[in-house]
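The values are calculated or read from the model by the stated rules, or taken from the named source; none is laboratory data. None of these values were measured; they are calculated from a predicted model. Reconstructed Cβ throughout: ideal geometry from the backbone, glycine too, with neighbour counts over all protein chains shown. All accessible areas refer to the heavy atoms of the entire protein, side chains included, with ligands and DNA or RNA removed. Shrake-Rupley method; radii C 1.70, N 1.55, O 1.52, S 1.80 Å.
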Amino acid sequence: MIHADFIVIGGGIAGTSAGAALASLGRVLLWEAEADLRHHASGRSAALFEESYGLPPTVALNRASRAAHAAAEHLSARGLLLVGMAGEEDALARDVGEMRLAPLCAAEARDRVPILSDAVIGAGWHDDAWDLDTDAMVTGAARAIRDAGGAVETGRRVDRIARTAAGWRVHAGDRVAAAPVLVDAAGPWADAVAGMAGVAPMGLTPLRRSMARIAAPAGHDVRGWPMVLGAGESWYMKPDAGALIVSPAEEEPAEAHDAWADDMVIAEALHRWEGAVTVPATRPLATWAGLRTFAPDRALVLGPDPDEPSFVWCAGQGGYGFQTAPAAARLLADRVAGRAPELDPATVAALSPERLR
Ligand SMILES: Cc1cc2nc3c(=O)[nH]c(=O)nc-3n(C[C@H](O)[C@H](O)[C@H](O)COP(=O)(O)OP(=O)(O)OC[C@H]3O[C@@H](n4cnc5c(N)ncnc54)[C@H](O)[C@@H]3O)c2cc1C
């Protein structure tokens, strides 16, 4: 039997960052089911930090995370270009206002991304959007757990959880661990993990989002191009290591599983992209999909369960798990330690598991 102060279930960005924040409070044992960290959503994201993206509690976490991302040198400049086509005037105007973008005419948009076609009738711009080094975030957080005397173990699929007088006994095959506090950072499986522990679910829904990686159009160096977002989040394109990633930005409800991209959905992504550019789509170099997992109100779920406070939720990261991670992990550790969180009380309440019971 392994003894720890905190057992964290899940080795994506949620579990590793929460574990790193908890490591100053006690010994952390993190168990990840897969053979490697970031196997699921955390290895499949668009890796963007965009402070105004999300509902108010998410934006508060984004803002509170910014300094930590910058200090860790996890940000590099990208910029965001919103584009609208004929018939999308209302969505374009709404997005420009809500995201506080500077309006651009179509010609100015083409100056920034020369493959945009005449179908683009207007645009919005801000340079406050950044690439995140998601690999460094996860490996850095795992290293912080180990450096503090904790352990990060892969290939440990938790299959049984028992409540004991002293806290929790957690089984992964023939391995057994015990700790007074259990942290559920199992992404789309978070409600299932709660079920194993006899804790009521939060009503989380995994939503699939797909991506195609295509070669850069011939004759174009895309590395300095911004993220390009279709009005109404109808599709997006982002430079990625000299190529482009293109997504239809779909939100397809799914069971928790190892998601993959559907050919028809990828075809739709490339169709929407082709509608906005002057170059033909080429055969994808790779395709993938990941699950973005949301609570019913689309805010993260961070803190002790109201009925079972030694069971701590770190779930519902949706499409914001990386950009919110530093502040989300600090909030979680503050709530576990009984410290006053840095975020205002209304935001803490909007992120708290209590709101969903
Ligand atoms: C296409 C796409 C684009 C995205 N773009 C962005 C972006 O630009 N910026 C951003 O901030 N976010 C983005 N996201 C969202 C972000 O990727 C997620 O919010 C984040 O990765 C969720 O992290 P997680 O650790 O909660 O979940 P996951 O990465 O899914 O990790 C959960 C882990 O728990 C493990 N687990 C489950 N059950 C058990 C068990 N019983 N025992 C042990 N381990 C278990 C799983 O194996 C898994 O590794 C995007 C997501 C997708 C899919």
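Listed values, structure above:
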item	result
Computed magnitude of the charge dipole of the chain (debye, nearest 20; Cβ of K, R +1, Cβ of D, E -1)	920 debye
Of all accessible heavy-atom area on region 204-334, the percent that carbon and sulfur account for (1.4 Å)	53 percent
Alpha-carbon spread of the chain, three principal axes, descending order, Å	68, 40, 35
Of A299, A172, A212, the one that fluctuates the most in a GNM where the chain has Cα springs shorter than 10 Å	A172
Packing-based ranking, highest mean first, of 146-153, 339-346, 190-197 given that Cβ atoms within 10 Å are counted	190-197, 146-153, 339-346
Listed residues G303, G155, G318, most fluctuating in the chain (Gaussian network, C-alpha, under 10 Å)	G155
Residue of M264, M85, M237 that the Gaussian network model of the chain assigns the largest fluctuation, springs spanning Cα pairs under 10 Å	M264
Principal semi-axes in Å for region 140-299 [√(5λ), Cα gyration tensor, largest first]	40, 19, 13
Region 203-298 pair-distance distribution - Cα-Cα, 10 Å bins, rounded %	16, 47, 28, 9, 1
Distance from region 79-97 to region 1-78 (C-alpha centre basis), Å	31 Å
Surface per residue (accessible, 1.4 Å probe) for the chain, Å²	41 Å²
Listed residues A72, G275, W225: farthest to the positive end of the dipole of the chain (Cβ charges)	A72
Portion, in percent, of the accessible area of region 1-151 that falls on carbon or sulfur, probe 1.4 Å	52 percent
Rule-of-thumb Rg ratio for region 290-357 [Cα; 2.2 N^0.38 Å; N residues]	1.03
